[in-house]
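Here the structure comes first, spelled out in structure tokens, and everything after it is commentary.
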Amino acid sequence: MTEDASFIVPLLQWFESEAADLPWRRTNDPYHIWLSEIMLQQTQVATVVPYYEGFLKRFPTVADLASAPQDDLMKLWEGLGYYSRARNLHAAAQQVVASHGGHLPRTAADLEELKGIGPYTARAIASIAFGERVPVLDGNVIRVFSRLFDIEDDVRQTATKNALWARAEALMPHVPEGRAGDYNQSLMELGRQVCKPRQPRCLQCPVAQYCKAYARGKQARRPVKTRKPPTPHYDVTCGLIWNEQNQLLITKRRDDGLLGGLWEFPGGKLEDSETLEECLARELKEELGITVEVGELFLKVRHAYTHFKITLYGFECRYFSTAQAPTCYECAEWRWVNVDELSAYAFSRADRKIIEALHERPNRLL
Ligand code: SF4
């Protein structure tokens, strides 16, 4: 065994005794593991648990998921964010049923052929569910490796990432037989629980004696990362468009894009040199071909996504039945609904805040 790999056995022993008891760790079912890996992308463990359990209750098998209407899926996913994950999961379940008899393929290479499964997720599923000896490299593992091996290069650079992959591959043959999945999970768990981004708990660390950054007192300066550019911010408008029956107009986004497949209050992004009201009037014309009376600002909502932030301005609008009927030029579908019916549709978190405010308002009429 090379010196580099000495940490593996103590790490596995620590994982056996200290790993958090999570529902997807109590199963070998590849579908359950797949679902957990998709939900855990970009989302905290504590947030995922109730979604994971609710999802499996509603769709106990891949076939149940494949045959479900997409709207049911989106509704269950509501609030978890990154909705393309739900759409891809649905499409992949249909691929699994159509091409693999309802059983997930057993290798990372074959798993990568499924919609929404990238190299990281394919490797995680293949190692955890099927024991394939393939490493994973997520943010947690990168941080642990950069400290264990005291890597001085910028981990955002492709060359450094490639070197990390090579190191991860070279370590794999040293993992005891049948433990590839546990090893991958133990690295991620160490990163989550002990080797945290800020203030790593080196005194409680099961691999401290093998950690080069700790030995050199450099753990707080690893991983080395170049500064990120500031997060962009966008002003976005939307219309709470009421008809004469006191119903609201909602539209369904097309399937592409970050929030694709979700319902929304129609509107869009502010362009240079226009007012918020002008922006909304233009967007409604472009999206639905309608002209409405833009009224008072109802609510301003701030929301942060991973790569950008928005301020959403929701305006009261009045639609008269004598006006031209809406036509979906830039949406998948539109509907008039009562406020009480909104909960049956899947909306983004920002729109959900508007809905909450609508419910709290005693008089819903303009
Ligand atoms: S000793 Fe500290 S820096 Fe090194 S792996 Fe453990 S927690 Fe991370």
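The values are calculated or read from the model by the stated rules, or taken from the named source; none is laboratory data. No experiment lies behind these values; they were computed from the predicted model shown. No Cβ is skipped: glycine too gets one built from the backbone with ideal geometry, and neighbour counts run over all protein chains shown. To get the accessible areas, we keep the full protein, side chains included, count just its heavy atoms, and leave off ligands, DNA and RNA. Shrake-Rupley method; radii C 1.70, N 1.55, O 1.52, S 1.80 Å.
Tabulated data for the structure shown
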item	result
In Å, descending, principal axis extents of the Cα set of segment 233-360	41, 35, 30
Equivalent-ellipsoid semi-axes of the chain, from the Cα gyration tensor, Å, largest first	46, 24, 17
Gaussian network model of the chain, Cα within-10 Å springs - most flexible of 121, 27, 251	27
Flagged links, alpha-carbon separation over 26 Å, of 269/300; 115/225; 161/269; 252/285; 196/269; 75/353	115/225; 161/269; 196/269
Sulfur and carbon atoms: percent of accessible area, segment 1-42 [1.4 Å]	44
Helix axis angle, 139-148 relative to the chain longest principal axis, alpha carbon, degrees	30
Interchain or long-range residues, amide H under 5 Å from residue 293's placed H	318
Given charges at beta-carbon only (K, R positive; D, E negative), |dipole| of segment 3-221 in Debye	660
Rounded Å value of the spacing that divides the Cα centres of segment 257-289 and segment 299-365	11
Cα centre as origin, Lys/Arg/Asp/Glu Cβ charges: the chain dipole, Debye	1460
Residue-normalised accessible area of segment 1-120, expressed per residue, 1.4 Å probe, Å²	47
Farthest toward positive dipole pole in the chain [+1 Lys/Arg, -1 Asp/Glu at C-beta], among 249, 172, 337	172
Heavy-atom accessible surface of segment 233-360: percent carbon and sulfur, 1.4 Å	47
Solvent-accessible ranking of 136, 236, largest area first, probe 1.4 Å	236, 136
Exposure rank, largest accessible area first [214, 51, 329; 1.4 Å]	329, 214, 51
Among 308, 327, 359 - extreme Cα towards positive end, dipole of segment 276-366, charges at beta-carbon	308
Of all DSSP beta bridges in the chain, antiparallel share, percent nearest 5	60
Per residue solvent-accessible surface (Å²) - segment 233-360, probe of 1.4 Å	48
Listed residues 128, 142, 270: farthest to the positive end of the dipole of the chain (Cβ charges)	142
Segment 86-179 - percent of accessible surface contributed by carbon and sulfur, probe 1.4 Å	48
Cα gyration tensor shape for segment 3-221, rounded if a/c is under 1.5, else prolate or oblate	prolate
